[in-house]
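Computed from the coordinates by the stated procedures, all read-outs in this text should not be read as laboratory data. Just so we're clear, the structure is a prediction, and the values are computed from it rather than from any experiment. Glycine gets a Cβ as well: all are built from the backbone with ideal geometry, and neighbour counts include every protein chain shown.
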Amino acid sequence: MDLGTAFACAALRHGGAEALVDGERRRTYSEWYGEIRSVAGGLRGLGLNAGDHFVAVMRNRHEMATLYWASQMLGLIFTPVSWRSSTDEIAYCLQDAEAAAIAYDGATGGGVPEAAARLRFPGDRMVVAADGSGDGVRFERLRDGPSVAGPAGVDDTAICLMLYTSGTTGKPKGVPRSHRAELAAGVSQIAHHGYRQAESALGVMPMFHTMGIRSLLASALVNGKLACMAEYSAREVLRLVEAERLSSLFLVPTMFHDILREDFSSDLGSLSRVSYAGMAMAPTLVEQCQERLQPDVFINHYGSSEIYTFTICDHLGRKPGCAGRAGLNQVVRVVSTDPAADMVDLAHGETGEIVASMASPEAFKSYWKRPDADAKAIHGSWYRTGDLGQFDDDGELYVVGRVDDMIISAGENIYPEEIEDALVRCSLVAGVAVVGIPDERLGSRVVAFIEPARPDVTTEQLDEACLRHGLARFKRPRDYVFVKAIPRSASGKLLRRKLRLGEYEPFRRAETTHAS
């Protein structure tokens, strides 16, 4: 089944159910389906045809969600791009995707118009949301012409979505995904997270990110309500959960960290399903989520843009930080990090690279126009995740870092996440990232970048915290650098590359301590 037909089924099944909330705007499934078909008619009037790439650079808003579903009605390839992207990055994605049209709002400032002008992109193929300015057709005008009768009914092996990876190193890679793979991913989320009919969710994860677009899809498959949130703030998350009686949250750990530091005067009694993905969650944060949010279901969903689900852990109370076991229709292994070595399974307790089966119905087939990336990531029927992990004695997976982030210092393998967990447990630390800096003597020097919780934090106190939490002496940071904010991507992932390059703002004069 194609996604346009899947939405049409939802509208027929429970047309009166509330589907979308964006500020004062509310839509039932019947109302929204009518609007989606009229917008699809407007896109068709722009000359768009099945198989065309439709790039959208927007925040999470009613227009973004509507354009996604309108694209599915026509068989377009919806291609969301981060609204935080620079003009150069937007221009690159437009050209790389061979975009037939682009939609944007005011979040990019002049980024989209400048990129479009640089590429001489036709103004009649640009759609502008209410708060945007520049050339193009106003979003509201798309509804003026004839509506499409219903879904185009394209083959479910056709590409319906192309996500761009965050591009923390080098140019972002396009990840084309078929209707079949997307439907499998949506069903996977419903099954693994225990969603029920009419499950209501917060749409705060960006819709250019795999978690955000999946929340949009999964909500529709169960006739649930999605509450759009264009501007993230921890306080606003709590307000919306209470006001809309939302039952599920699917966020990155950074957001949960922020939420738990807010005043809990909100009534969160409606919240029953809590999930995280995108990065590891420190065990101490897992414990705090369990205690403060008290969810019925608490899930660590480990996956990627390329293959939506690798593993699922639903017993974090017993095993904080555990990634669990393989998800539906999936097999995961831990093998040597050497791509030239035979792919032999490592023993439990040994650390290696995590690989996942490409036979999963949730898997992509290959990157967009990137045979070099295919050669690096796809080895026969296995996808190399680039993540380091190990199985425990129960056969459950733990993700311990990225292959590229592992620090080899004085011949010892050191994993940044282990040090970060020890430091984040200290009440003096608001945020931390650990990286390896080239060192003539050690090979790599362990450096901890700290967002201090108060201005009088000393490096001696931090060093004591490492030892107090059982960190081996040789793993302690050799340097501590205090920063105003740890650089992160739009999805909350640490951007260690920026720290290595010195792209950060010091909190105050950095203090240094050296391990003995």
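Backbone phi angles across region 261-276, fed through the Karplus curve with coefficients 6.51, -1.76 and 1.60 (θ = phi - 60°), yield HN-Hα couplings of 9, 8, 5, 8, 8, 6, 8, 9, x, 6, 6, 10, 10, 10, 9, 9 Hz in residue order; Gly and Pro are listed as x. Charged neighbours of residue 475, selected by a Cβ distance under 13 Å, balance to -2 (K, R count +1; D, E count -1).
Span-like helices, the chain: DSSP H, alpha-carbon axial extent 20 Å or more, mean Kyte-Doolittle -1.0 or greater, which ones?
On the way: long enough: 29-45 (24 Å, -0.49); 179-193 (21 Å, -0.17).
Membrane-span-like by this criterion, though nothing is claimed about a membrane: 29-45, 179-193.
Let me check I've understood the local charge: for residue 244, count other residues with C-beta under 14 angstrom from its C-beta, Lys and Arg +1, Asp and Glu -1. What total comes out?
Net charge around residue 244: -1.
Each of 494, 448, 409 was scored by the projection of its Cα onto the charge dipole of region 406-500, and the greatest displacement toward the positive side belongs to 494; charges sit on the C-beta of Lys, Arg, Asp and Glu. Our note on the geometry: Cα centres of region 364-396 and region 74-148, 32 Å apart.
Bridge orientation summary for the chain: considering DSSP beta bridges with both residues in this region, about 60 percent are antiparallel.
In this structure, the pairs whose alpha-carbon distance is over 20 Å, taken from 171/498; 173/493; 319/498; 171/369; 173/376; 369/498, are 319/498; 369/498.
Less than 14 Å Cβ to Cβ from residue 353, Lys/Arg counted +1 and Asp/Glu -1: what total charge do the surrounding residues give? Within the 14 Å Cβ shell, the charges total -3.
Look at the Cα gyration tensor of region 406-500: its axes a ≥ b ≥ c give a/c of at least 1.5 with a/b at or below b/c, and that counts as oblate. As a rough guide to protection, the peptides 410-418, 71-79, 50-58 ranked by mean Cβ packing within 10 Å, highest first, stand as 71-79, 50-58, 410-418.
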